[in-house]
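The values are calculated or read from the model by the stated rules, or taken from the named source; none is laboratory data. Remember, predicted model here, so these are calculated numbers, not experimental data. Note: ideal-geometry Cβ built from the backbone for every residue, glycine included; neighbour counts use all protein chains shown.
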Amino acid sequence: MTGNIRMAESIGQDENVWSDEWDQLTPESEIRMWDFYGLRHWIAKFIPRKGKTIEAGCGLGRYVFYFSEMGINIEGVDFSQPTIDYLNEWKLKNRYDAVFKKGNILNLEYPDNSLSGYISLGVIEHFIEGPQNALAEAYRVLRPGGIAIISTPSVSFYILYQKIRKKVKNIVKRTLFRKVITEKFYQYWYRPGKLKKFIEGSGLHITRYGSADLLFAFCEAGNYTEKYIKEGTFGYKFSNKHENGILNFIGAQSITVSVKAAEKMFCFFCGELKSNQESLSRFDVPVCSECECRDESKYYKKDSVARYCAPYIINPPVKKGEKFICNFCGKDSESSDIFEDYGFEKKVCSACLKIPEINIKLSNESVKPVWRKRMERNA
Ligand SMILES: [Zn+2]
Ligand SMILES: [Zn+2]
């Protein structure tokens, strides 16, 4: 009975709604959107290089494809069987290595303490009863020292304006004795502080949180067009200036990076159970005493922030198969048709990209933000 009532009130967890949504789009277009949600520099920085990571609610697999190209052991989980089937077909046809499985993020098929990473982007806000059950499941599957990267939409300045407008409209309607239509539940918007509280409630230790994607708030304000985000416009300049600054709390996304803290934890760099809890007072990730001496550990010190290395590039032309010399191994190479230059400022060949020391350096120093609109399948 409760189930039926929930179905009627909420479409946020309706499998058909999502299968239909993804049916209109392609993985290629999703990958090419690059930084449409302004989260890539966060994920690229904190995604574990050792052990297995899952993306819970992977949609069309943008990040699963991308991070698989980076040599990261990642599996995409989604509850829509048609979407999973389509992704598996698409990857074979385009010859990409990536793993996709049907699964329920409230009841994952992974043992306790088995994963080094859990990514979930724009998923947990779709539960009408709140995100607690999904977060408890994330905590269960993560191993000690495992990293969770979780985002939801935030109350951007534009969403705030919309909410106030709707409220005022409904008050006017009520005073005029008109009927106020209650909409079906689709999602919640959590500000960074609110999302942080939910995450902490699950037992995870927050190491970073904030908002992201100021640019998208201007895109929303322009009715999802490029009206306010073209290069040189106020929205474009404002977003680039404040993306990592004090005004970033009005961005369109909330993002958190958290750790399953424990007395002994798996080290972020070497993947061995040699890191202790004290390391989390100095680093954003668990680091063992040997790995503290690594060059890459400097990026993960408490005062180091994930950020882009350049201003946004809006709607750049698609660059297929360009020849270049790899900045790391010096060999002649050709860029991937779909991943282009992988969204980094430095030229990197697909073999070098898979080396953790290299992809950590790129992810911390050379993430070039790219903004492209979503393309419909038959557009
Ligand atoms: Zn280590
Ligand atoms: Zn190379």
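The residue pairs whose first member lies in the range 11-26 and is under 15 Å from Glu125 (Cα atoms) and of a type in the set (Val, Ile, Thr), whose second member is modelled with pLDDT of 75 or more and in a loop (DSSP other than H, G, I, E, B), and whose beta carbons are closer than 9 Å, counting only pairs six or more residues apart or on different chains, are Ile11/Lys184; Ile11/Tyr186. Considering the conditions (1) more than 20 Å from Gly51 (Cα to Cα); (2) surrounded by fewer than 20 Cβ atoms within 10 Å (Cβ to Cβ); (3) touching a helix residue (DSSP H, G or I) at 6+ places or on another chain (Cβ under 9 Å); (4) hydrophobic (A, V, I, L, M, F, W, C), Cys270 is excluded by exactly one of them, (1).
Only one entry of Glu278, Glu296 meets the criterion of being without any contact (Cβ under 8 Å) to a residue 24 or more places away in the chain and on the phi < 0 side of the Ramachandran plot, and that entry is Glu278.
Is it true that some residue in the range 289-305 is within 16 Å of ligand 2 (Cβ to nearest atom) and of a type in the set (D, E, K, R)? Explain how you work it out, then say what you get.
Going through the range 289-305, the residues within 16 Å of ligand 2 (Cβ to nearest atom) turn out to be none.
So far as the range 289-305 goes, no, none of its residues is within 16 Å of ligand 2 (Cβ to nearest atom) and of a type in the set (D, E, K, R).
Restricting Leu121, Leu115 to those that are farther than 15 Å from Gly57 by Cα, modelled with pLDDT of 95 or more and surrounded by 22 or more Cβ atoms within 10 Å (Cβ to Cβ) reduces the list to Leu115. Here Gly330 clears all of (1) surrounded by 14 or more Cβ atoms within 10 Å (Cβ to Cβ); (2) out of contact with any helix residue (DSSP H, G or I) (no Cβ under 7 Å at 6 or more places or on another chain); (3) among the small types (Gly, Ala, Ser) except the condition numbered (1). When Lys346, Lys320, Lys361 are checked against the criterion of being part of a loop (DSSP other than H, G, I, E, B) and surrounded by 15 or more Cβ atoms within 10 Å (Cβ to Cβ), Lys346 stands alone in meeting it. For beta carbons closer than 6 Å, sequence separation of 6+ or different chains, a first residue in the range 331-352 that is under 20 Å from Arg95 (Cβ atoms) and in contact (Cβ under 8 Å) with a residue 60 or more places away in the chain and a second that is β-branched (Val, Ile, Thr) and more than 12 Å from ligand 2 (Cβ to nearest atom), the qualifying pairs are Ile338/Ile31. Does Ile229 qualify as being in a loop (DSSP other than H, G, I, E, B) and either without any contact (Cβ under 8 Å) to a residue 12 or more places away in the chain or of a type in the set (Gly, Ala, Ser) (or both)? So Ile229 does not fit the description; no. Considering only residues in the range 291-332 that are of a type in the set (S, T, N, Q) and touching a strand residue (DSSP E or B) at 6+ places or on another chain (Cβ under 8 Å), the one that is nearest to ligand 1 (Cβ to nearest atom) turns out to be Ser297. Taking the stated definitions as given, is Gly271 part of a loop (DSSP other than H, G, I, E, B) and at pLDDT 95 or above? In short, yes. Would you check if Phe67 is closer than 18 Å to Lys50 by Cβ and either of a type in the set (Phe, Trp, Tyr) or not in a helix (DSSP H, G or I) (or both)? So Phe67 passes the test.
Would you mind stating whether Arg282 is surrounded by fewer than 14 Cβ atoms within 10 Å (Cβ to Cβ) and away from ligand 2 (no atom under 16 Å from the Cβ)?
Working: surrounded by fewer than 14 Cβ atoms within 10 Å (Cβ to Cβ): yes; away from ligand 2 (no atom under 16 Å from the Cβ): yes.
Yes; evaluated as a whole, the condition is true for this residue.
For (1) in a helix (DSSP H, G or I); (2) surrounded by 20 or more Cβ atoms within 10 Å (Cβ to Cβ); (3) more than 18 Å from the chain's Cα centre (by Cα); (4) modelled with pLDDT of 95 or more, each residue gets a yes or a no:
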position	(1), (2), (3), (4)
Ile5	yes, no, yes, no
Ala8	yes, no, yes, no
Lys45	yes, yes, no, yes
Pro48	no, yes, no, yes
Glu55	no, yes, no, yes
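A count restricted to the range 145-193 and to residues that are surrounded by 15 or more Cβ atoms within 10 Å (Cβ to Cβ) and charged (D, E, K, R) stands at 1.
Conditions tested, residue by residue: (1) under 29 Å from Leu204 (Cβ atoms); (2) modelled with pLDDT of 95 or more.
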residue	(1), (2)
Lys301	yes, yes
Ala306	yes, no
Pro311	no, no
Lys331	no, yes
Ser350	no, yes
